[in-house]
Amino acid sequence: MPIRKIAVLAFDHISPFHLSVPCLVFQGLPASRLLVCAGEPVPQGGFRTAAGFTVHTSLTLKDAARADVLIVPSWRDVNERPPAPMVNAVRKAHARGATVVGLCLGAFVLAQAGILDGQQATTHWSAADAFALRYPRVKLVPDVLYMDGDDGRLVTSAGTAAALDCCLHLVRRWHGADAANRIARRLVVAPHRQGGQAQYIEQPLHDAPGGDRLSDLLNWAAAHLAEPHTLDSLAERAAMSRRNFTRRFRKLTGTTAGQWLLAQRLAHAQRMLETTRQPVEAIAQLAGFGSAVSLRQHFSRAYRTSPSAWRASFAQA
């Protein structure tokens, strides 16, 4: 595997959290080199972060010019246009075939470069209206955690914790689910939240009526994926009517029961493909797909590859 050079752009008044996310997730990846590069001239004394302390780097946009992955980890102000050299670097990176990532308000920089025109993208929910008004050619999806565009070469995310989800999504794509899960365990975060999950949920799970019951149900269902769950059977187990269960499930988790189950089953299938020698037919049964044909269809739709090809790429030796 060729060395994957990952360049993260820093700038004045950057959020230290957003700068640290790609560094924490991508540091130490096999066959990779992480660079933090200045996206604009460094003031004397270094870039001052939003938290008040300073960061220093001697690397510049020239050092990022040959990166395989270019990450804009946010932007300091939705009302400020990013500097032309930074915008040009993003545009050129995309033109040469690099993967370009805009975390949180970093999507504004990608949109300013014009590379999101005609593509689906997302950003922090609080900036969605400003983004849609300024960049009408972008197909904004305002309420998801992260989005892939241009066959995975354009990646955008919502804010804060969603940046972690987005970076883990990239690790999963490059190195498999088990590698992403190991990093998630080290960071003590959820190993896999689907990109289409809602970025903003009105109430924490345990703070809402029925929240404890639904939390217990999610834990039980995740441990019994091989069983043929239906909306009615899950609602009955939660002691709710179908209508009430459907409404509360979406309100509390940001997705439907069917979408949540599919995501859990796919993630379980990924792990078994990587860590066991079970045949695809057996994995399909254990993950709750019922048949190898069903697993292949859902797997191909979600990951643009087959279970066998995934295993060949990521199975542990």
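Readers should treat all values here as calculations from the given coordinates under stated rules, not as data from a laboratory. Computed from a predicted model, the values in this text were never measured in an experiment. Please note: Cβ atoms are built from the backbone with ideal geometry, for glycine as well, and neighbour counts cover all protein chains shown.
Dipole orientation for the stretch 243-317: of the candidates Ala292, Val280, Phe249, Phe249 has the Cα lying most toward the positive pole (charges on Cβ; Lys, Arg +1; Asp, Glu -1). Contact order for the stretch 259-314, expressed relative to its length and based on alpha carbon pairs under 8 Å spaced 6+ residues apart, stands at 32 percent.
Name the shape class, rounded, prolate or oblate, that the alpha-carbon gyration tensor gives for the stretch 259-314, where a ≥ b ≥ c are the square roots of its eigenvalues, rounded holds for a/c under 1.5, and otherwise prolate holds if a/b is larger than b/c and oblate otherwise.
Numbers: a/c = 1.39, a/b = 1.17, b/c = 1.18.
Cα axes put the stretch 259-314 in the rounded bin.
Backbone phi angles across the stretch 240-249, fed through the Karplus curve with coefficients 6.51, -1.76 and 1.60 (θ = phi - 60°), yield HN-Hα couplings of 10, 5, 4, 5, 5, 4, 4, 5, 6, 4 Hz in residue order; Gly and Pro are listed as x. Between Gln27 and Asn219, residue separation times 0.36 nm minus the direct Cα-Cα distance comes to 66.0 nm. Over the residues of the chain, the helix contribution to mean residue ellipticity at 222 nm works out to -13500 deg cm²/dmol, using -39500 (n - 2.57) for each DSSP H run of at least 4.
In a reduced charge model with +1 at each Lys and Arg Cβ and -1 at each Asp and Glu Cβ, the chain shows a dipole moment near 560 debye about its Cα centre.
For the stretch 205-254, what class follows from the C-alpha gyration tensor (a ≥ b ≥ c being the square roots of its eigenvalues): rounded when a/c is under 1.5, otherwise prolate if a/b is larger than b/c, else oblate? The partial results should precede the final answer.
Details: a/c = 1.93, a/b = 1.33, b/c = 1.45.
Cα axes put the stretch 205-254 in the oblate bin.
Here the Karplus relation 6.51 cos²θ - 1.76 cosθ + 1.60, evaluated at θ = phi - 60°, turns the backbone of the stretch 60-70 into coupling constants of 10, 4, 5, 6, 8, 5, 10, 5, 6, 9, 10 Hz, with x for every Gly and Pro.
Let a ≥ b ≥ c be the square roots of the eigenvalues of the Cα gyration tensor of the stretch 4-187; is it rounded (a/c under 1.5), or, if not, prolate (a/b larger than b/c) or oblate? Walk me through the numbers before you get to the answer.
Numbers: a/c = 1.30, a/b = 1.03, b/c = 1.27.
Here the stretch 4-187 falls in the rounded category.
Once the Cα atoms are used to define both axes, helix 161-175 deviates from the longest principal axis of the chain by about 80 degrees. For the chain, the ratio of Cα radius of gyration to the globular rule of thumb 2.2 N^0.38 Å stands at 1.05. Can you tell me the 0 to 90 degree angle between the C-alpha axis of helix 16-26 and the longest principal axis of the chain, rounded to 10? The angle comes out at about 60 degrees. With contacts taken as Cα pairs under 8 Å at a separation of at least 6 residues, the stretch 4-187 carries a relative contact order of 19 percent. For Asp151 and Arg242, the FRET efficiency from 1/(1 + (r/R0)^6), where r spans their Cβ atoms and R0 equals 30 Å, is about 0.20.
Taking chymotrypsin sites (Phe, Trp or Tyr not before Pro) as candidate sites, keep only those in a DSSP loop with at most 15 other Cβ atoms within 10 Å, then name the longest stretch of the chain containing none of them.
Details: sites that count: Phe53, Tyr200.
Of all site-free stretches, the longest is 54-199.
Distant-in-sequence amide contacts of Cys37, defined by a placed amide H-H separation under 5 Å and a gap of 5 or more residues or a different chain, comprise Val8, Leu9, Ala10. Name the longest site-free stretch of the chain, where the excluded sites are GluC sites (Glu not before Pro) in a DSSP loop with no more than 16 other beta-carbon atoms within 10 Å. Longest stretch, sites excluded: 81-201.
Here the Karplus relation 6.51 cos²θ - 1.76 cosθ + 1.60, evaluated at θ = phi - 60°, turns the backbone of the stretch 113-129 into coupling constants of 6, x, 7, 8, 4, x, 9, 7, 8, 9, 7, 4, 4, 5, 9, 4, 5 Hz, with x for every Gly and Pro. Using a cut-off of 23 Å between Cα atoms, the listed pairs Lys139/Lys251; Lys5/Lys92; Lys62/Lys139 include Lys139/Lys251; Lys62/Lys139 as exceeding that distance.
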